[in-house]
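Student: My questions all concern the structure below.
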Amino acid sequence: MTVDVVLPCLNEAAALPWVLDRMPEGYRPVVVDNGSTDDSAEIALSLGAHLVREPQRGFGAACHAGLLAATADVVCFMDADASLDPRQLPRVTAPVLAGQSDLVLGRRRPRDRGAWPLHARMGNAVLARSLRRRTGAAVHDLGPMRACSRAGLLALRLADRRFGYPLEMVLRAAAAGWHITEVDVDYLRRDGRSKVTGTVRGTMRAVADMRRVMADRDAPHGTA
């Protein structure tokens, strides 16, 4: 069975060779170039990845473009910055492939000093706690490595095209009655500075996007 792996990418030329070289057999990398100014797109093509170009900037926009380009029954998402090891993707997909879970999130466990700055970890913990209260799902991390059914995810009709996309995925999946679980994955020091966790400003912007998604879901006009 082939599993498609969506890799949102913005200037990850240094990390892509390591990431793509470690892709497990049967896992097809779908690199979504989101306006890179380096050689990310050319490197992805040269290393055999399926390349998608998404001009609309935004993490959610890149994820959605990759989802639309995917063809496998099961699709994964993960960052392309070498902070996550593709060789651990089978841990995340196994419960989905076995029919034991509908959505599996990789719960990040830092393995390197500085891999997960304190400000980013605290923001993640606050959002995860709020998510547990709202959905009842035992979620402790809104980690970027995750797996689910491609058709099922398309049916959820996610609307966010910024950093709220991962949170909206969990909220809509829970509202639809999906069984959501977590598995541990290693979290490594990424190549270069993260656009989100690398700065307090970036983290706060991501948190603001996610709070907006939560507020939209709580509004009277919100729909599951």
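The values are calculated or read from the model by the stated rules, or taken from the named source; none is laboratory data. Quick caveat, the model's predicted, so the values are computed rather than measured. Heads up, the Cβs are rebuilt from the backbone with ideal geometry, glycines too, and the neighbour counts pull from every protein chain shown. These area figures cover heavy atoms from the full protein model, side chains too; ligands, DNA and RNA do not enter into them. Shrake-Rupley method; radii C 1.70, N 1.55, O 1.52, S 1.80 Å.
Student: If we scan segment 10-20, do we find a residue that is assigned to a helix (DSSP H, G or I), among the aromatic types (Phe, Trp, Tyr) and more than 17 Å from the chain's Cα centre (by Cα)?
Tutor: yes
Student: Let me ask something else. I'd like the full set of residues that are open to solvent by 50 Å² or more (accessible area, probe 1.4 Å) and either in contact with a strand residue (DSSP E or B) (Cβ under 8 Å, 6 or more places away or on another chain) or under 17 Å from residue 78 (Cβ atoms) (or both), limited to segment 23-47.
Tutor: Listed by number, the residues that qualify are 25, 28, 45, 47.
Student: Next question. Just wondering, is there one or more residues in segment 82-104 that are polar (S, T, N, Q), within 16 Å of residue 4 (Cα to Cα) and open to solvent by 40 Å² or more (accessible area, probe 1.4 Å)?
Tutor: Checked segment 82-104: no residue is polar (S, T, N, Q), within 16 Å of residue 4 (Cα to Cα) and open to solvent by 40 Å² or more (accessible area, probe 1.4 Å).
Student: Tell me which helices (runs of 4 or more DSSP H) are completely within segment 98-178 and hold 2 or more residues being of a type in the set (A, V, I, L, M) and either at pLDDT below 90 or in contact with a strand residue (DSSP E or B) (Cβ under 8 Å, 6 or more places away or on another chain) (or both), or say none if there are none.
Tutor: Of the helices (runs of 4 or more DSSP H) lying wholly inside segment 98-178, those with at least 2 residues that are of a type in the set (A, V, I, L, M) and either at pLDDT below 90 or in contact with a strand residue (DSSP E or B) (Cβ under 8 Å, 6 or more places away or on another chain) (or both) span 118-135, 165-175.
Student: Can you list residue pairs whose Cβ atoms sit under 8 Å apart, with the first residue in segment 94-108 being farther than 17 Å from residue 150 by Cβ and touching a residue at least 40 places away in the same chain (Cβ under 8 Å) and the second being open to solvent by 60 Å² or more (accessible area, probe 1.4 Å) and in a strand (DSSP E or B)? Count only pairs 6 or more apart in sequence or on different chains.
Tutor: Listed by first residue and then by second, the contacts come to 106/184; 107/184.
Student: Collect the residues in segment 50-69 that are surrounded by fewer than 24 Cβ atoms within 10 Å (Cβ to Cβ) and either aliphatic (A, V, I, L, M) or on the phi > 0 side of the Ramachandran plot (or both), keeping them in residue-number order.
Tutor: The answer is 51, 52, 58, 61, 65, 67, 68, 69.
Student: Still on this structure, I have one more. Every residue in segment 54-88 that is more than 19 Å from residue 152 (Cα to Cα) and part of a helix (DSSP H, G or I), please.
Tutor: Across segment 54-88, the qualifying residues are 59, 86, 87, 88.
Student: Can you find a residue that is surrounded by fewer than 18 Cβ atoms within 10 Å (Cβ to Cβ), of a type outside the set (D, E, K, R) and modelled with pLDDT of 80 or more anywhere in segment 189-200?
Tutor: Among the residues of segment 189-200, not one is surrounded by fewer than 18 Cβ atoms within 10 Å (Cβ to Cβ), of a type outside the set (D, E, K, R) and modelled with pLDDT of 80 or more, which makes the answer no.
Student: Can I ask one more? Of the residues 45, 51, which single one is without any contact (Cβ under 8 Å) to a residue 60 or more places away in the chain, outside any loop (DSSP other than H, G, I, E, B) and touching a helix residue (DSSP H, G or I) at 6+ places or on another chain (Cβ under 6 Å)? Lay out the reasoning, then the answer.
Tutor: Details: 45 fails: touching a helix residue (DSSP H, G or I) at 6+ places or on another chain (Cβ under 6 Å).
After ruling out the rest, the residue left standing is 51.
Student: Can you name the residue in segment 109-125 that is aliphatic (A, V, I, L, M) and either surrounded by 21 or more Cβ atoms within 10 Å (Cβ to Cβ) or in contact (Cβ under 8 Å) with a residue 24 or more places away in the chain (or both) and is also nearest to residue 4 (Cα to Cα) among such residues?
Tutor: 115
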